[in-house]
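All remarks here apply to the structure that follows.
What follows is calculated from the coordinates using simple rules that are stated; it is not laboratory data. It should be emphasised that the depicted structure is a prediction, and the values quoted were computed from it without experimental measurement. We place every Cβ from the backbone using ideal geometry, glycine too, and count neighbours over all the protein chains shown.
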């Protein structure tokens with residue numbers, strides 16, 4: 001935070017602000033933003049960075065904001081579908097021995113609920129939020145690898161359609177979102193259902209990996225001048241750590257699903273104990289992904305909380321460094337406790353005890369985050385608006401989920417509650433309390449940045465109370481019914497166990513919770529169409545995304561801001577200092593150094609292209625076909641290769657043709 | 001926020017009190033392992049509740065005490081921040097101490113659980129099937145080895161060693177009022193020691209998702225005084241009762257001629273199938289189809305006539321029987337005490 005750095009940054013002569021790459025001859029350089037007046041600068045940039053017109057143009061957009069909006073809407077629709085699944089299940093479970101939904105449909109319902117919520121809602125929506133916000137928050141004009149980013153959306157969309165079309169055809173996976181072998185193996189999982197699970201998982205995770213890589217490179221190499229590591233906003237830190245988790249965890253589940261499809265389709269025996277394979281190997285591989293997965297969903301949410309609390313508490317986050325170190329610590333530790341999902345498999349006691357200790361340990365950095373947020377609120381003057389309300393909802397529920405998590409970490413205690421409704425309650429408190437409530441806070445908070453309009457505060461409060469009451473009514477009693485002995489994943493239960501009334505109560509809560517989302521959807525649509533215009537910075541926040549107009553133009557920033565502080569807009573109440581020297585006739589980004597974010601080189605950002613969509617279709621068709629024959633991988637390679645050639649076909653620079 | 005908390009708390013207490021009578025409840029322990037675990041559950045719950053209340057109080061104070069409107073972001077006050085830092089450090093330290101305490105408590109509970117079965121005299125092999133339990137009582141004398149299904153008789157007050165495995169998919173053996181659960185995994189053998197303090201019937205259920213009828217894979221542990229248990233074992237070793245009435249005799253004939261014998265065994269008859277429950281003493285059990293139906297003539301008939309209606313997806317096929325044939329078979333099976 002030394003001010004000496006900042007002045008030197010600001011005083012750089014224009015030539016040194018952006019050192020020119022050797023291969024771009026200076027005499028061939030086009031017009032730059034240096035010294036250009038505002039009006040013509042906007043004209044130039046708008047033309048250079050626009051999304052081409054027409055349907056083909058829309059399908060070839062590589063603007064991170066356009067792609068993120070699609071991602072957000074798609075993920076929200078999947079949330080609604082997954083929620084409808086949950087409501088259907090709750091209606092079946094609202095009383096003992098109800099005959100509404102049979103086991104075949106019920107097992108598809110809870111499998112699709114888990115698959116949809118984890119793979120089609122939770123991970124995509126946090127990544128989509130990152131795609132929208134990270135480039136704006138680090139002050140760059142587009143995400144790194146924009147075409148890969150577009151590709152990832154199409155892959156995600158088609159993976160989701162793949163799963164839901166199979167559900168509509170009554171051939172959805174029915175083996176649980178975790179798809180344990182041997183139940184999902186060739187012998188006990190006949191038909192194509194488990195194949196759909198395996199290929200859809202592998203395929204959809206390709207998109208997560210792509211987004212993670214783009215995010216990491218954007219954060220490390222495209223930060224605005226002056227945004228050294230200690231001045232990166234906490235939300236961006238959270239996305240950075242999350243992206244590393246994705247890069248290390250997702251391959252584990254992709255290996256799991258690939259091994260499974262090999263067993264099913266090619267006849268390998270990787271998981272077959274009769275042939276020397278091992279059913280537990282599947283669980284180890286799956287949970288090596290599955291536990292970090294929880295933090296892939298949760299860490300971005302903590303980033304949102306860290307972004308929202310300071311704005312409404314009217315002071316910078318307390319313990320910025322502590323919060324960053326906690327994020328990193330949680331990231332590391334999350335890989336060391338997957339076995340606590342497997343305590344009931346009869347692992348050696350000593351090994352299991354190690355995982356008790358490591359599971360307990362992760363509560364410490366999470367505690368640090370909670371205490372830092374509380375300290376921020378203590379020291380601030382909280383202005384209570386809907387986003388902050390949802391942050392309180394987060395505290396209220398997530399702390400319960402965290403504490404029951406401590407209970408689950410204990411091996412002996414886990415032996416009673418594992419695979420019961422207690423666990424269902426726990427992870428909904430963690431995932432909804434810890435992630436969905438912050439996401440709702442974020443939706444109200446960043447909605448003006450995305451649409452240029454505000455959502456209704458009054459509806460927001462209604463939404464909050466309805467959601468809180470519905471959520472707690474639905475999930476708190478599950479702790480109790482779990483302790484009373486109700487196992488998970490049962491489509492019915494005998495009347496004489498006395499679980500009827502409490503389940504009726506739970507189901508009513510679930511319906512109420514679902515209705516709160518209907519209200520939210522109404523508020524979203526109403527806000528987008530009729531909301532009051534927001535202006536650039538309606539909350540008077542301090543981070544860079546609020547430095548540009550709402551919604552931001554295609555090029556994000558007319559001139560790249562220079563960062564002097566974690567909350568640059570609070571530190572510089574006037575205009576931000578800017579770095580200039582980028583060309584305006586081609587899509588140029590400023591690339592900066594990893595640690596200090598010194599301007600390094602100018603780099604061209606990819607232009608719109610239809611090829612990422614075509615590549616996604618080729619890859620999707622290959623995966624779809626591969627649930628029927630392994631030869632699909634061979635035949636599918638040709639169209640994939642063609643689309644990749646189209647994608648990467650080198651085009652001559654306009655200036656080279658002069 | 002506070003009001004909501006008190007409502008939630010009151011609801012929780014009310015629900016807890018209502019449910020303690022459950023016969024498949026971890027909170028209603030009937031054996032040393034479950035007692036140890038119930039104590040652990042209550043201790044963790046109590047401590048966590050205290051922590052939660054403290055955190056909520058820490059959240060409520062700034063909301064209730066501070067002014068709600070302040071347009072300008074506040075300048076940082078270095079002195080206040082360093083005081084806050086001390087408080088945060090103390091909170092983190094306390095968290096660590098609590099977590100270490102809970103970890104040690106878990107380890108000690110583990111040790112107590114491990115000690116329960118150290119001198120188990122009786123070994124029972126429990127094998128999971130989709131969707132029933134095969135129960136084999138081990139004995140040094142081969143002729144005394146006994147195989148039954150779904151209900152497990154044990155002597156009360158004595159530790160019993162269960163050897164758990166599976167022939168198809170992963171199941172999990174769980175009788176909450178006696179002990180925590182343990183998985184049955186193909187290709188592996190897990191060991192679970194259980195002990196019931198008093199005679200009684202304790203319900204259990206498969207806890208790992210195992211396919212279509214996971215919900216209807218119940219089991220019962222029936223703890224009896226030692227003498228009664230020994231008598232029961234001796235009874236069960238006897239071959240099946242010879243049918244007496246004409247209808248029952250016809251039923252036996254039908255049973256042996258129809259596909260039933262492909263899967264079921266009835267001791268003392270040529271029926272020797274092993275892929276489905278042993279029926280030698282079927283009528284002495286309390287339930288049918290792994291806890292799905294109580295044992296009665298009507299339920300027996302319903303189950304045989306339409307197994308897919310009772311347990312959709314179960315591996316028991318529909319056997320084409322006329323009304324008289326069904327009655328005959330039911331009459332025969334009813335006699336298998």
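Protection proxy ranking of A:96-105, A:40-49, B:32-41, A:428-437, by the mean of other Cβ atoms within 10 Å over each peptide's residues and highest first, is A:428-437, B:32-41, A:40-49, A:96-105.
What the Cα atoms of segment B:233-337 give is an Rg and a Dmax of 12.7, 36 Å.
Remark: relative contact order (segment A:336-410) = 44 percent; criterion is Cα-Cα distance under 8 angstrom and separation of 6 or more residues. Mind jotting down the distance between the C-alpha centroids of segment A:190-260 and segment A:84-154, whole Å? The distance from the Cα centre of segment A:84-154 to that of segment A:190-260 comes to 15 Å.
Rounded to two decimals, what is Rg over Rh for segment A:452-595 when you use alpha-carbon atoms and the Kirkwood radius? Checking Rg against Rh, the ratio lands at 1.24.
To the nearest whole number, what is the average tally of beta carbon atoms from other chains within 10 Å of the beta carbons of peptide B:109-119?
Average per residue, whole number: 2.
Modelled label positions at residue A:55 and residue A:651, each set 7 Å beyond Cα in the direction of Cβ, lie 2.2 nm from each other. Distance from the Cα centroid of segment B:225-284 to that of segment B:79-111 is 61 Å (rounded to whole angstrom).
Sequence-distant contacts, meaning Cα pairs under 8 Å at least 6 residues apart, place the relative contact order of chain A at 23 percent. Report, to the nearest 10°, how far helix A:193-221 tilts away from the longest principal axis of the Cα atoms in chain A, using its own Cα long axis and a range of 0 to 90°. For helix A:193-221, the angle is close to 30 degrees. Per residue of A:499-510, other chain Cβ atoms within 10 Å of the residue Cβ number 1 on average.
When the alpha carbon coordinates of segment A:91-183 are projected onto the principal axes, the ranges are 58, 25, 24 Å, largest first. For the pair residue B:308 and residue A:91, a Förster radius of 30 Å applied to the C-beta separation gives a FRET efficiency near 0.85, rounded to the nearest 0.05. Note on residue B:144 and residue A:635: the model spin-label points, each 7 Å out from Cα along the C-beta direction, lie 6.5 nm apart.
The mean number of Cβ atoms from other chains found within 10 Å of a Cβ in peptide B:48-59 is 5, as a whole number. Restricting the calculation to Cα atoms, every distinct pair contributes to the Kirkwood radius of segment B:246-308, found to be 12.4 Å.
Ratio of segment B:182-273's C-alpha Rg to 2.2 N^0.38 Å, to two decimals?
For segment B:182-273, the normalised Cα radius of gyration is 1.47.
Per residue, the Cα convex hull of segment B:126-191 amounts to 101 Å³. Report note on the peptides A:120-128, B:123-131, B:282-290, A:514-522: ranked by the mean count of other C-beta atoms within 10 Å, highest first, their order is A:120-128, B:123-131, B:282-290, A:514-522. Helix A:632-648 against the longest principal axis of chain A: what's the angle in degrees, Cα atoms only, rounded to the nearest 10? Long axis of A:632-648 versus the principal axis of chain A: about 20 degrees. The separation of segment A:587-626 from segment A:365-399, counted between C-alpha centres, amounts to 36 Å. Where only DSSP H runs of four or more residues are counted, chain B gives -14000 deg cm²/dmol as its mean residue ellipticity at 222 nm, each run worth -39500 (n - 2.57). Let me know the shape class of segment A:352-501, please: from the alpha-carbon gyration tensor, a ≥ b ≥ c as square roots of the eigenvalues, rounded when a/c is under 1.5, otherwise prolate if a/b is greater than b/c, or oblate. Because a/c hits 1.5 or more and a/b fails to exceed b/c, segment A:352-501 counts as oblate.
How long are the three semi-axes of the equivalent ellipsoid for segment A:515-604, computed from the Cα gyration tensor as the root of 5 times each eigenvalue, in whole Å, largest first?
32, 17, 13
Rg then Dmax, both in Å and based on the Cα atoms of segment A:209-359: 19.2, 63. Both radii are taken from the alpha-carbon atoms of the protein assembly as shown; with Rh as the Kirkwood radius, Rg/Rh is 1.03. Across every pair of non-identical alpha carbons in segment A:591-645, the mean reciprocal distance, once inverted, gives a Kirkwood radius of 13.7 Å.
Write down the Kirkwood hydrodynamic radius of segment A:41-114, to one decimal in angstroms, obtained as one divided by the mean of 1/r over all alpha carbon pairs.
Numbers: mean 1/r = 0.0631 Å⁻¹.
For segment A:41-114, the Kirkwood estimate is 15.8 Å.
Placing R0 at 35 angstrom, the Cβ-Cβ distance between residue A:384 and residue A:518 gives a FRET efficiency of 0.90 after rounding to 0.05. Structural descriptor for segment A:265-391: relative contact order 33 percent, calculated from alpha carbon pairs under 8 angstrom and at least 6 residues apart.
Between helix A:349-361 and chain A there is an angle of about 40 degrees, using the helix long axis and the longest principal axis of the Cα atoms. Annotation: peptides A:601-608, B:232-239, A:230-237, ranked by per-residue average of other Cβ atoms within 10 Å with the highest first, follow the order A:230-237, A:601-608, B:232-239.
For segment A:485-532, the calculated P(r), taken from all Cα-Cα distances in 10 Å bins from zero up to the bin holding the longest distance, is 21, 31, 21, 15, 10, 2 percent. For chain B, the calculated P(r), taken from all Cα-Cα distances in 20 Å bins from zero up to the bin holding the longest distance, is 25, 43, 20, 10, 2 percent. Among A:284, A:418, A:340, sorting on how many other beta-carbon atoms sit within 10 Å of each Cβ, with the fewest leading, yields A:284, A:340, A:418.
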